[in-house]
1. What's log10 of I(q)/I(0) for the range 427-501 at q = 0.18, 0.26 Å⁻¹, Debye sum over Cα points only, no solvent?
2. Could you work out the mean projected area of the convex hull around the alpha carbons of the range 381-523, in square nanometres to one decimal?
3. In debye, nearest 20: dipole of the range 78-344 around its Cα centre with unit charges on the Cβ of K, R (+) and D, E (-)?
4. Write down Rg/Rh for the range 78-344, rounded to two decimals, with Rg from the C-alpha atoms and Rh from the Kirkwood relation over Cα pairs.
5. Give me the percent relative contact order of the range 277-390, please, defined on Cα pairs under 8 angstrom at least 6 residues apart.
6. Just how large is the dipole of the chain about the Cα centre, in debye to the nearest 20, putting +1 at every Lys and Arg Cβ and -1 at every Asp and Glu Cβ?
7. Once the piece of chain linking ALA225 and ASP244 is laid out straight, how much longer is it, given 0.36 nm per residue of separation minus the C-alpha distance between them?
8. Could you list ASP193, ASP333, ASP143 in order of exposure, starting from the residue whose Cβ has the fewest other Cβ atoms within 10 Å?
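No lab work stands behind these numbers, since they all come straight from the coordinates. In this text, all values refer to a predicted model and were calculated from it rather than measured experimentally. Don't worry about glycine lacking a Cβ; one is built from the backbone with ideal geometry, like all the others, and counts go over all protein chains shown.
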Amino acid sequence: MSLSLTPELRAQLGQLVMVGFDGFMPNAQIEQLIREQRIGGVILFRRNIESPMQVAALCRRLQEINAEVTDVPLLIGIDQEGGMVMRIEEGVTPMPSAMAYASGYASHAVAGCSPADCEALHRIGADELRQMGININFAPSLDINNNRANPVIGVRSFGENSPTVTVYGLAAMRGIQAAGLAATAKHFPGHGDTATDSHYALPLVPHDKARLDAVELVPFKAAIAAGIDAIMTAHVVFPAIEPDTSTPATLSRKVLTGLLREEMGFDGVIVTDCLEMDAIANVDNGGVGVVQGAVKAITAGADIALISHTYQHQREAVAALAMAVEQGYISLDQIQQSLARITALKSKPATQYWRDLPVVPQNLQTPASLALAQKIQNLGIFFAGKKLETNQPVLLVTIELLVRTEIDEVALGASKSARGTLLPLLTQAGLQVEEIVLPPNMSAEQAQQVLMAAQVAPQVIFQSYNATRFASQRELIAAIAPDKLVLIAGRNPYDLDIAPQAHTRIAACSNRPPVLQLICNRLMGI
């Protein structure tokens with residue numbers, strides 16, 4: 001059966017697509033997508049961020065362009081989870097990584113903050129986003145980090161078990177919503193127990209339905225009961241729900257409609273994770289491709305297809321959705337239900353009242369917000385050992401993403417992000433420091449350079465980055481004399497287990513500058 005779409009319905013189909021673009025202000029491509037394709041939302045990355053004032057101007061201009069063609073405002077979203085996933089860092093209250101809020105990770109116990117403090121800081125962070133014109137945050141992550149080999153979640157999770165993730169995840173949700181923003185639980189049905197990054201391949205969670213009900217689905221059930229606005233899908237295979245192991249949750253009707261809608265009763269907006277991730281986009285490795293992925297995701301029950309980067313894919317996806325409706329592949333009834341959900345989501349104050357926002361954000365980084373952020377982050381630092389000898393030189397080995405490819409650094413673009421290094425802080429504290437900067441997967445020659453320098457250095461600070469995943473880091477850490485080694489887990493705290501006898505061991509679930517300042521204070525005995 002085929003039908004001819006009315007101009008009105010054809011224009012409305014753009015509401016089912018959210019896109020990203022390059023630049024600090026709207027370019028010709030995003031203007032065309034808004035004016036002609038009538039896309040319903042825009043996602044911002046670091047490539048779009050220069051300063052809070054600039055973001056406010058960008059969001060206002062996007063809404064003004066959209067208002068020229070429709071009275072339905074844009075969703076403007078961002079991944080502002082905190083810590084390692086902060087698209088906006090300069091000029092806003094620093095948010096810790098999710099894992100830093102709770103009572104600790106594995107054997108590395110820390111004090112942890114209260115759920116009330118977690119809620120309060122998320123409300124502050126969301127209100128700062130609201131002032132800039134952002135109306136939906138793709139947070140909190142409700143993934144349970146119960147697989148230490150997980151390359152993409154890690155510190156983005158509130159913890160290693162469902163009770164911790166539920167308590168703190170829902171606190172974060174309440175804070176975000178209290179500021180007038182939409183909150184998004186992700187990545188459904190759970191990306192925690194995977195050892196593969198869906199940015200590059202298709203992960204699989206092998207557990208049966210009983211295990212999923214008892215663990216992975218618990219935080220999502222609680223969030224639905226508490227009124228979560230939106231849920232983001234995972235490009236992960238769940239054979240217990242979808243027997244076809246080539247079909248990730250994002251494209252599975254059994255998962256999105258059968259499980260999430262019908263069994264779990266969710267009637268909010270389902271948004272896909274970015275369809276340009278290789279698990280969907282890479283047709284040479286089993287993916288269906290971005291455009292076909294958009295059609296399949298909407299058919300499966302998603303309301304919004306997220307396409308973050310490529311203009312051609314974004315245009316073609318809108319056209320492909322129109323063709324799928326015309327050919328009866330997607331029913332008109334399903335489209336109307338999605339449009340109703342999206343309209344309801346856009347009724348939130350932060351979306352409706354964008355014209356009332358001040359041109360210049362008024363209340364960012366207040367003394368109270370900075371104090372709360374520092375209190376929470378301090379409570380989340382694991383520190384075991386002794387402070388530095390200030391009269392002895394230091395060899396600082398910094399592992400950092402020289403090529404920015406991981407989720408926390410996706411689409412950095414022209415944004416100037418501060419390096420995640422202790423160098424300026426230690427120097428300002430009066431120490432004599434030599435820094436060697438290495439990539440996570442270093443060469444044998446690079447490792448040898450460090451070992452030679454470490455032999456003569458009286459103190460060695462090694463700031464790792466997911467060392468449990470890279471043999472070269474693990475081997476180098478093990479080869480440094482433990483009595484002079486200060487090991488700082490720059491991202492996942494599990495790196496500390498590589499050197500249990502190290503002179504000093506520190507984890508703070510992040511390597512961003514606000515956290516490093518607190519670590520430096522501890523090392524200096526402040």
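1. -0.69, -1.37
2. 8.0
3. 260
4. Result: Rg/Rh = 0.96.
5. For the range 277-390, the relative contact order is 15 percent.
6. In total the dipole reaches around 820 debye.
7. Between ALA225 and ASP244, full extension yields an extra 3.9 nm.
8. ASP333, ASP193, ASP143
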